[in-house]
Amino acid sequence: MASVTKKSAGARPMRARNMTFCSLAGSAGTVSLGVRTERGILDVAKASRLFRIKAPADIHAVIEGADCAPLARLVQKALFDPRGKSVLVAESRARHAPVVPRPEKILCVGLNYRKHAEEAGMPIPPVPILFSKFSNALAGHGAKIKLLPPDLASQFDYEVELVIVIGRKAVNVSEADALKYVFGYCNGNDLSTRDLQLRTSQWMLGKMQDGFAPIGPWLVTADQVPDPNSLHVETRVNGELRQSENTSDMIYGCAHIVSYCSRYLTLRPGDIIFTGTPSGVILGYPQEKRVWLKPGDKVTTTIDKLGTLEVTLAAPSSR
């Protein structure tokens, strides 16, 4: 939830702290910033116009260090001014875009939970295994995600993952300092097409489908998650529990991942890193018990402090 504080004259710009954000999907593909409050989601663009307070336009401005004092003032106005109801959206009615809609990079870590490596019959990796997704894969909370047609693929799987959102340019940072470069965390689902993923030694073909990187609904500032490697994560398919683990089972913790990635490429504000999935994926079942995801399935992933991300799988479009 947003904290409400006042900016004193001459003070430095207020960085985002103790705030929870979302990205609201509007008409014609527009995306606007939302701030979670105890009475609903503040639509920042509408509130800014109503109360004539200039504020950051989207989450990327916030991540890049925009002054958040106006956001705190808008929250206060919305909660205590009679006109505020018009700029608050009930969470049940909100339409969500990907919570970080324009990352420069989407990095992913494979086989990063001990029990998951064991169920996959794979050795513990000596270094983090990195691969990437692209912006076409992003989707928001509540999205309907179309699967590939059966003549192309059929083995669709879920992967709940803690997602790191970078907040500062990071180049060769130490593990001790790495979490200082994190803006916040969100919930992600690294949806995977296993028959394509395992076709070759390179996994990307099974990871890069449209909508196969849903993230959200919330982006929670890092100060609210003091230990990202002590969070419960779980997946449910049509209400049935499939994954239930703690991020403490990670082989390489969040600080190690950020530090490691920063050695080899520049991390920039807004970059996101999927940190791996725990045991319980369909691929880890004995072959005779694997029932792959199908159109109509509702997949929810939940992470402590970060809320629940829900997507529904849909049949492919006719070609």
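The values are calculated or read from the model by the stated rules, or taken from the named source; none is laboratory data. Please read these numbers as outputs of a predicted model, since none were measured by experiment. No Cβ is skipped: glycine too gets one built from the backbone with ideal geometry, and neighbour counts run over all protein chains shown.
Taking THR193 as the residue in question, decide whether it is out of contact with any helix residue (DSSP H, G or I) (no Cβ under 6 Å at 6 or more places or on another chain) and polar (S, T, N, Q).
no
What residue, of ALA120, ALA66, is modelled with pLDDT under 95, under 30 Å from ILE257 (Cβ atoms) and of a type outside the set (Ser, Thr, Tyr)?
Of the residues listed, the single one that is modelled with pLDDT under 95, under 30 Å from ILE257 (Cβ atoms) and of a type outside the set (Ser, Thr, Tyr) is ALA120.
Tell me, yes or no, whether region 300-315 has at least one residue that is free of Cβ contacts under 8 Å to residues at least 24 places away in the same chain, over 13 Å from the mean Cα position of the chain (by Cα), surrounded by fewer than 20 Cβ atoms within 10 Å (Cβ to Cβ) and part of a loop (DSSP other than H, G, I, E, B).
The answer is no, given that none of the residues of region 300-315 is free of Cβ contacts under 8 Å to residues at least 24 places away in the same chain, over 13 Å from the mean Cα position of the chain (by Cα), surrounded by fewer than 20 Cβ atoms within 10 Å (Cβ to Cβ) and part of a loop (DSSP other than H, G, I, E, B).
Per-residue answers, yes or no, for (1) within 20 Å of the chain's Cα centre (by Cα); (2) surrounded by 15 or more Cβ atoms within 10 Å (Cβ to Cβ); (3) within 20 Å of PRO269 (Cα to Cα); (4) not assigned by TED's automatic domain parsing to the domain that holds THR266:
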{"site": "PRO70", "(1), (2), (3), (4)": "no, yes, no, yes"}
{"site": "ARG73", "(1), (2), (3), (4)": "no, yes, no, yes"}
{"site": "ARG83", "(1), (2), (3), (4)": "no, no, no, yes"}
{"site": "VAL100", "(1), (2), (3), (4)": "yes, yes, yes, yes"}
{"site": "ILE124", "(1), (2), (3), (4)": "no, no, no, no"}
{"site": "LYS133", "(1), (2), (3), (4)": "yes, yes, yes, no"}
{"site": "ASP157", "(1), (2), (3), (4)": "yes, yes, no, no"}
{"site": "LEU162", "(1), (2), (3), (4)": "yes, yes, yes, no"}
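So, in region 249-293, of the ones that are without any contact (Cβ under 8 Å) to a residue 60 or more places away in the chain and under 26 Å from LYS169 (Cα atoms), which residue ends up surrounded by the fewest Cβ atoms within 10 Å (Cβ to Cβ)?
TYR264
Of (1) touching a Ser or Thr at 6+ places or on another chain (Cβ under 8 Å); (2) buried (at least 21 other Cβ atoms within 10 Å of the Cβ), LEU241 satisfies all except one. Which?
If we test LEU241 against (1) touching a Ser or Thr at 6+ places or on another chain (Cβ under 8 Å); (2) buried (at least 21 other Cβ atoms within 10 Å of the Cβ), just (2) comes out false.
Can you name the condition, by its number, that LYS207 falls short on among (1) surrounded by fewer than 16 Cβ atoms within 10 Å (Cβ to Cβ); (2) charged (D, E, K, R); (3) touching a Leu at 6+ places or on another chain (Cβ under 9 Å)?
Among (1) surrounded by fewer than 16 Cβ atoms within 10 Å (Cβ to Cβ); (2) charged (D, E, K, R); (3) touching a Leu at 6+ places or on another chain (Cβ under 9 Å), the lone unmet condition for LYS207 is (1).
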